[in-house]
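Where a number appears in this text, it was derived from the coordinates with a stated rule and is not lab data. All figures in this text were calculated on a predicted structure; none of them were measured in a lab. Using ideal geometry, Cβ is built from the backbone for each residue, glycine included, and neighbour counts are taken over all protein chains shown.
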Amino acid sequence: MPDLRSITLKIDSDACDYVGALARLGGDTELFRDLADIFAIDSGELLSRMQAATMREDRKGAALAAHSLLGLASTFSAERVTSEAARIEAAARDEETPLVRDLRELHAAVEELKLTLQRLSDDPA
């Protein structure tokens, strides 16, 4: 298992909690890399689905995509992504609330997380 103190000092982004995520994964850095790869692929598809659903006024589709993205990001304790996805999901589920159409903040948070995960996967120690 890598030295978690050096990893904590290395990370200068609040995109995720590497130490916490790695601890939940039993210290398995290979599993972390695999999950980071899955996030990199699936997050783009989910963002596309969310955007398309909001354009169609498809509340159920938008909520499902946001919820799925929230679940993926939760693996990494990615607070910025999870809070944005939760906000979008809540608005989609509440018929009285307008759908969130501006997904720029979520896109930016996802891109930041993807870059951080890539960096950590390439050189976790």
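What number, in percent, do you get for the relative contact order of the chain if the mean sequence gap of Cα pairs under 8 Å and at least 6 apart is divided by its residue count? All intermediate terms of the calculation are to be shown ahead of the outcome.
Working: 140 pairs, mean separation 39.3, N = 125.
In percent, rounded to a whole number, it is 31.
Under a GNM of the chain (C-alpha, springs under 10 Å), which listed residue has the highest mean-square fluctuation: R24, R87, R33? Taking springs between Cα atoms under 10 Å, the residue moving most is R24. Residues in segment 48-87 near a label at D94, defined as backbone nitrogen under 14 Å from the 7 Å Cα→Cβ point? In segment 48-87, the label zone of D94 (backbone N under 14 Å from the point 7 Å along Cα→Cβ) covers 86-87. Rounded to the nearest 0.05, the FRET efficiency derived from the C-beta distance between L115 and A86 at R0 = 22 Å is 0.50. Considering only S74, S48, S83, the Gaussian network model of the chain with Cα springs below 10 Å gives its largest mean-square fluctuation to S48. For T29 and E79, a Förster radius of 22 Å and the Cβ-Cβ distance give a FRET efficiency of 0.50, rounded to the nearest 0.05. Considering only E57, E96, E111, the mean-square fluctuation computed in a Gaussian network model of the chain, springs between alpha carbons under 10 angstrom, is largest for E96.
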